[in-house]
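In what follows, a structure is listed as structure tokens, so that the remarks can point back to it.
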Amino acid sequence: MRKFGLTFLVLILAIQAITLYAQTNERPKPWFSLSIEATDPSNPPEFYTADRQVVMVTYTNISDEDSSFSCYMEQACGLDMHVLLDGAPAKETEGMRELREERHPTKPVRQVNGVPAPQWSGSVQAPHTLKPGKSVTRPLAIADYFHMSKPGTYTITVSQETDPNHPEKSVTVWSNTLTIVVEKPKASAAK
């Protein structure tokens, strides 16, 4: 009987420890959602020309609290872009290679007085306070990062980490998938 009681006590303590461990290692729920939509090429957003494929990225606060949203003037603003052409990865531009190098440098980081110097490519944008249920929308010139002039069906999805500096606490938030069809140029009629 005594052995049974001791086994029962150890089992109860083990269940409590497992429950506590599971609760402390849960990833937090993201505070935002992402959605993307195509822009009308004949009416591009301000500062963009009709020859650049632009999508509008909307961040929506899905939490119950005010949240601060800010990013560098870097157009991609921490977004990862997933672009396929007819089901295969679309060809990247030099802009995408530069963005990847900026985010994950392979060259030694410049130091000032022994401290890594900031590698900003632009100025910092003032943070927006997003109330619960409110959104902020930013243009993203996707064609600056992927060649999108080849005819075919492009599928575009963006994602972003909630806390990229702490991967153990971060959650990946995915947008909807957008489909854009680039038609073959029509042959000119002989005159």
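The values are calculated or read from the model by the stated rules, or taken from the named source; none is laboratory data. As the structure is a prediction and not an experimental result, all values here were calculated from the model. All Cβ positions, even for glycine, are placed from backbone atoms using ideal geometry, and neighbour counts span all protein chains on display.
Can we say Thr155 is among the polar types (S, T, N, Q), over 16 Å from the mean Cα position of the chain (by Cα) and not in a loop (DSSP other than H, G, I, E, B)?
So Thr155 does not fit the description; no.
Looking only at the range 151-171, decide whether some residue is touching a residue at least 12 places away in the same chain (Cβ under 8 Å), among the small types (Gly, Ala, Ser) and in contact with a Phe, Trp or Tyr (Cβ under 7 Å, 6 or more places away or on another chain). Yes, there is a match, as at least one residue in the range 151-171 is touching a residue at least 12 places away in the same chain (Cβ under 8 Å), among the small types (Gly, Ala, Ser) and in contact with a Phe, Trp or Tyr (Cβ under 7 Å, 6 or more places away or on another chain). Residue-level analysis places His128 among those that are modelled with pLDDT under 90 and in contact with a strand residue (DSSP E or B) (Cβ under 6 Å, 6 or more places away or on another chain). Restricting attention to the range 133-161, the residues that are at pLDDT 90 or above, among the β-branched types (Val, Ile, Thr) and closer than 21 Å to Ser70 by Cβ add up to 1. Considered as a group, the residues in the range 44-75 that are within 22 Å of Thr155 (Cβ to Cβ) and among the aromatic types (Phe, Trp, Tyr) include one that is modelled with the highest pLDDT, and that residue is Tyr59.
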